[in-house]
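Novice: I'd like to ask some things about the structure below.
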Amino acid sequence: MDETEDGGVAGAELFAAVRRRMPEAVVRGMSLALWAELLPRVVAVRTADRARTYGELNARANQLTRALRARGVRAGDGVALLCSNRCEFAEVYAATRRAGLRLTPVNWHLTADEVAYVVRDSDARALIAEARFGTSAERAAALSPEARVRLACGGALNGFEDYDAAVGEQDAGDIPDPAPGTSMLYTSGTTGRPKGVERAAPPPTLGEDAASPLGQYVPGRSVHLCTGPLYHSAPLSFSLAIPLVYGSTVVMMDGWDAERMLALVERHRVTHTHVVPTMIHRLMALPDAVRTKYDVSSLRYLLHGAAPCRVAMKRKLIDWLGPIVSEYYAATEGMASIVDSATWLTKPGTVGLPVEPDGVRILDDAGDGVPPFVIGTVYLKAGRDRFFYHKDAEKTENAYRGDYFTVGDVGYLDHDGYLFLTDRSVDLIISGGVNVYPAEVEQALLEHDAVDDVAVIGVEDPEWGEEVKAVVLLEPGQAPSAELAARLIQHCRERIAHYKCPRSVDFVSELPLLATGKLDKRALRQRYRSAR
């Protein structure tokens with residue numbers, strides 16, 4: 001076969017080889033190994049200071065697999081990963097995918113105790129942590145005795161082996177007995193504790209032309225800019241897993257900045273990226289002179305989701321970049337719909353057609369289907385890829401109606417079957433594309449001596465979509481003040497992740513209640529909407 005200047009197989013020969021060999025490689029968890037053979041010198045992942053070619057990333061995945069096996073980790077075991085967007089993240093992902101392991105990436109914004117809970121609850125046998133998050137990693141290790149294998153990257157940690165040393169001593173050749181692995185990501189729960197979303201996921205597949213349905217990746221040529229933290233399900237899937245399956249280069253941002261994103265698009269000739277609405281807002285808020293000084297003409301596909309995007313803002317984005325913008329609706333539990341620019345412009349506000357026939361149903365409170373344009377709860381079809389909540393059979397059962405599940409969103413289908421979202425579950429707040437469940441914040445506030453009762457709601461914010469607001473009823477004898485509001489916010493920041501904490505606190509003499517005595521959050525949210 002002829003080689004390209006990158007050391008890969010050229011043109012039609014590459015596509016023929018991929019069509020012939022990739023299906024089996026994917027099933028075995030070894031798609032990376034095939035690209036290492038076909039495109040060995042093409043960069044697979046790049047950070048600000050390092051890069052791994054497909055050849056190097058594949059070798060490291062083999063070495064890490066052997067290092068874990070040598071320490072007693074076996075197929076079916078869990079691996080917890082506390083790591084920023086580094087090359088090691090991709091190495092661990094690739095290793096678990098071929099070693100038959102269950103990967104749980106941990107949100108490093110969580111408090112040390114929250115991190116420890118996820119590591120322990122996931123039944124991890126191994127904990128791989130970046131030294132940057134040393135306090136959380138060491139706390140998790142202390143409270144998770146089952147995670148006996150502990151590796152530290154990016155520096156030393158007490159009680160952890162050195163990651164590079166453990167990996168470097170192993171054979172880099174392809175392992176002879178690969179098995180496809182899975183991921184179990186954690187999603188916040190209304191009870192205040194996150195739940196692992198577990199599934200035996202079917203492996204990704206390639207179309208006959210070896211090009212992705214999400215933006216037509218070109219192996220060895222496409223470049224994807226990863227803008228979000230890989231512990232989130234959307235960046236993990238759309239900005240690492242899919243680009244690597246299709247032989248593309250992933251450029252990782254470790255911390256997002258609007259102008260820096262544009263600079264990276266220009267520098268690396270980025271063709272694909274994934275963003276959330278807060279990023280869109282900040283990009284469009286840049287002065288015209290800043291936004292237009294960068295050459296972003298290489299972009300072929302921009303995917304966004306994770307939270308609602310205002311119609312006017314999305315129109316401006318399409319006007320700027322052209323009809324390369326696609327939107328999806330999904331949750332950690334599963335994918336629902338997707339829509340391209342051309343279709344969206346004919347149906348502004350839609351989140352698209354279901355990805356499979358009859359993939360979305362709108363049901364009323366009795367569980368019956370409703371006609372087009374009638375608002376109800378959105379249910380998504382699970383199909384063969386049924387998920388379950390780790391260690392929570394009741395929550396799993398309550399999420400399903402037959403083969404359909406809901407995450408509590410509300411919307412309708414039009415006559416053509418396009419989905420529109422009108423509201424979300426009563427509890428859920430989405431701030432900057434990140435889920436916040438009020439129950440957890442309320443629990444933290446109720447631990448303060450000055451608080452008698454509290455309601456946490458999301459209020460509209462032009463940049464974040466929503467911000468977290470605490471509406472507090474004080475104990476008798478306590479006086480409202482700006483100083484007390486600041487203390488309550490700090491009280492939360494000491495107990496839960498900062499992104500979950502209130503940005504503002506209002507004091508009230510009473511909270512609205514339903515006839516049943518339950519807090520009427522719908523009325524409370526409406527009060528704040530009316531006041532704007």
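Novice: Let me check against my output: what whole-number percent is the relative contact order of the chain, with C-alpha pairs under 8 Å and at least 6 apart?
Specialist: Details: 1098 pairs, mean separation 54.8, N = 532.
Taking the mean separation of contacting Cα pairs over the length of the chain, I get 10 percent.
Novice: So what is the accessible area of the stretch 400-532 per residue, in Å², with the probe set to 1.4 Å?
Specialist: On the way: 6520 Å² over 133 residues.
Counting only protein heavy atoms, the per-residue value for the stretch 400-532 is 49 Å².
Novice: How far, in degrees from 0 to 90, does helix 54-70 lean away from the longest principal axis of the Cα atoms of the chain, to the nearest 10?
Specialist: Its long axis makes an angle of about 70 degrees.
Novice: I would also like to ask the following. Could you name the lysines in cross-link range of LYS316, using Cα to Cα under 18 Å and dropping any fewer than eight places away on the same chain?
Specialist: LYS293, LYS347
Novice: For the stretch 168-176, just list the computed ³J(HN,Hα) in residue order, Karplus coefficients 6.51, -1.76 and 1.60, θ = phi - 60°, integers in Hz, with x standing in for Gly and Pro.
Specialist: Once rounded to whole Hz, the list reads x, 7, 9, 5, 8, x, 4, 5, x.
Novice: Beyond 17 Å, how much of the Cα-Cα pair distribution for the stretch 101-174 remains, as a whole percent?
Specialist: Values: 1104 of 2701 pairs.
Within the stretch 101-174, distances greater than 17 Å cover 41 percent of Cα pairs.
Novice: Sequence neighbours fewer than 8 away in the same chain don't count; with that in mind, list the lysines whose C-alpha is under 23 Å from LYS521.
Specialist: LYS395, LYS469, LYS500
Novice: If you check each cysteine of the chain for another cysteine whose beta-carbon is under 4.7 Å away, which ones come up empty?
Specialist: CYS83, CYS87, CYS153, CYS226, CYS309
Novice: Which residues does the label zone of ARG69 cover in the stretch 145-170, counting backbone N under 14 Å from a point 7 Å along Cα→Cβ?
Specialist: 170
Novice: Moving to a separate point now. Say R0 is 35 Å: what FRET efficiency, to the nearest 0.05, do ALA142 and ARG386 get from their beta-carbon distance?
Specialist: With a Förster radius of 35 Å, E is 0.50.
Novice: Where a ≥ b ≥ c are the square roots of the eigenvalues of the C-alpha gyration tensor, would you call the stretch 12-166 rounded, which needs a/c under 1.5, or, failing that, prolate if a/b is larger than b/c, or oblate? Let's see the in-between values first.
Specialist: On the way: a/c = 2.38, a/b = 1.82, b/c = 1.31.
Prolate, since a/c reaches 1.5 and a/b exceeds b/c.
Novice: While we're on this one: Would you mind computing the Rg to Rh ratio of the chain from its alpha-carbon coordinates, Kirkwood style for Rh? Working shown, then result.
Specialist: Details: Rg = 23.7 Å, Rh = 24.5 Å.
Ratio of gyration radius to Kirkwood radius for the chain: 0.97.
Novice: Further question on the same structure: Name the shape class, rounded, prolate or oblate, that the alpha-carbon gyration tensor gives for the stretch 213-355, where a ≥ b ≥ c are the square roots of its eigenvalues, rounded holds for a/c under 1.5, and otherwise prolate holds if a/b is larger than b/c and oblate otherwise. The partial results should precede the final answer.
Specialist: On the way: a/c = 1.43, a/b = 1.04, b/c = 1.37.
Rounded.
Novice: Hey, what angle do you get for helix 258-268 against the long axis of the chain, alpha-carbon based, 0 to 90 degrees rounded to 10?
Specialist: 10
Novice: In debye to the nearest 20, how big a dipole does the chain give about its Cα centre with +1 on each Lys and Arg Cβ and -1 on each Asp and Glu Cβ? The partial results should precede the final answer.
Specialist: Working: 60 positive and 71 negative charges, 97 e Å.
Charge dipole, the chain, about its Cα centre: 460 debye, nearest 20.
The values are calculated or read from the model by the stated rules, or taken from the named source; none is laboratory data. No experiment lies behind these values; they were computed from the predicted model shown. Virtual Cβ from ideal backbone geometry, glycine too; neighbours counted across all protein chains shown. Surface accessibility is based on the protein's heavy atoms, side chains included, excluding ligands, DNA and RNA. Shrake-Rupley method; radii C 1.70, N 1.55, O 1.52, S 1.80 Å.
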